[in-house]
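Visitor: Take this structure, written in structure tokens, and hold onto it; I'll ask about it next.
Any read-out appearing in this document is the output of simple, stated calculations on the displayed coordinates, not a laboratory observation. Predicted, not measured: the structure shown is a model, and the values here were computed from it. Cβ atoms come from the backbone with ideal geometry, glycine included; neighbour counts cover every protein chain shown.
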Amino acid sequence: MAKQFSYSQALLALAIAFLAFSVLKFTLQIPEILNVVDKTTQTIDAVNPNISDIVDEVALIRKEVANVRALVSEQTPEILSQVEASLPVIRDVVLESENYSKQIPALLAQLDKIEQQVALLQKNMPSILARVDAVVKSTDNTTAEVARWRPHSSQYLEEIKQSKDYIPKYLTRIENTVVEAKTVGQEASSGLVSGFFKGVITLPFEMVAGLAGMVDVDSRSAKNLTAQDIALMQETVIALLDDQNQRKSVWQNVDSGNRGTIIKGAQVRRNGQNCHGITFNNHFGNEKETLTEQMCQDDKGLWKVM
């Protein structure tokens, strides 16, 4: 009886054949594998003597790491304390920085204003320079004028010196004239004093008579002020008293160099008369003195020192 063909047997035969081929191919590669193993063995033999050195080096490294850790452990508390001490300073710096930050907008606005002013100044610079040039030109003209007047200065000073020498004589003559004027009636005496100092005393005699004692004879002002100074004070104080809107006035004598300010106090009523407290601030040379007087207006409208 004839046997039938079996697929399973054929597949088994193919598998056995493939296995035999694989074993054969692996067998062919064994020499190369052995060669690689020999090389690896040689490398291991070469490295093996250095293993002890590597172990020793690793031990030293571990020891050094342990020392570093110990040092860090010792210094860590001090470092932490320093950091903790630095925290308040850092907070202050942060707060100060915040304050500066808040001021930056205002500072920028101020810078903008400054830039605008600089731009305006640059725009007006031509006119400013033109005015400066005009001032320089005027100064040059003034200097030239002063130079022309300088030769006459010595002559003027000499004339002023001579005038000062003549003043005592004029004062003596004035005193004598005043004494004589007192013997004339009040009506005839009005205005006699007005011409003693031309352009200085313009007050009637009876008005000047009421101002006697305006400067205390024991004061420094009486010793340093000239008769012309006192006459100017008299005119100034009368004008100040007659002006209801003015409270302060100034007098100055270019001849003597003396000057002063007169201050009028509030109006008060005394014995049926209008009165004011008057303060005289007199300046003579490098000195100054303050005098106070009470001045009242009589029924004729004349001001008198009380």
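Visitor: In nm, give the distance between the simple-model label positions of Arg220 and Arg270, each being 7 Å from the Cα along the Cα-to-Cβ direction.
Guide: Output for this residue pair reads 2.6 nm.
Visitor: A further question on this structure: For the stretch 134-143, in order, what is each residue's ³J(HN,Hα) by Karplus, 6.51 cos²θ - 1.76 cosθ + 1.60 with θ = phi - 60°, in whole Hz (x at glycine and Pro)?
Guide: Computed from phi, the couplings for the stretch 134-143 are 5, 5, 4, 5, 5, 5, 4, 5, 5, 4 Hz.
Visitor: According to a simple spin-label model (label point 7 Å from Cα along Cα-to-Cβ), what is the distance in nm between Gln82 and Leu120?
Guide: 5.6
Visitor: Residue by residue through the stretch 286-303, what is 3J(HN,Hα) from phi via Karplus (6.51 cos²θ - 1.76 cosθ + 1.60, θ = phi - 60°)? Round to whole Hz and write x for glycine and proline.
Guide: Calculated HN-Hα couplings, in order: 9, 10, 8, 8, 10, 10, 10, 9, 10, 10, 10, 9, 7, 5, 8, x, 8, 8 Hz.
Visitor: Convert each backbone phi in the stretch 225-239 into a coupling constant with the Karplus relation 6.51 cos²θ - 1.76 cosθ + 1.60 (shift: θ = phi - 60°), then list the ³J(HN,Hα) values in order as whole Hz, x for Gly and Pro.
Guide: Rounded to whole hertz, the list is 7, 8, 4, 5, 4, 5, 4, 5, 4, 4, 4, 5, 5, 5, 4.
Visitor: By counting other Cβ atoms within 10 Å of each Cβ, how are Tyr7, Tyr100 ranked from fewest to most?
Guide: On the way: Tyr7 7, Tyr100 10.
The fewest-first ordering by Cβ neighbours comes to Tyr7, Tyr100.
Visitor: What whole number of Å gives the distance from the Cα centroid of the stretch 10-37 to the Cα centroid of the stretch 70-136?
Guide: Centre-to-centre distance over Cα atoms comes out at 86 Å.
Visitor: Order 275-281, 123-129 from most to least packed using the mean count of other Cβ atoms within 10 Å.
Guide: Values: 275-281: 18.1, 123-129: 9.9.
Those peptides, ordered most packed to least, come out 275-281, 123-129.
Visitor: Can you give the charge dipole size of the stretch 10-154 about its Cα centre, rounded to the nearest 20 debye, using +1 on the beta carbon of Lys and Arg and -1 on the beta carbon of Asp and Glu?
Guide: Value, rounded to 20: 1020 debye.
Visitor: Full extension from Leu71 to Glu32: what is 0.36 nm times the residue separation minus their Cα-Cα distance, to one decimal in nm?
Guide: 8.5 nm
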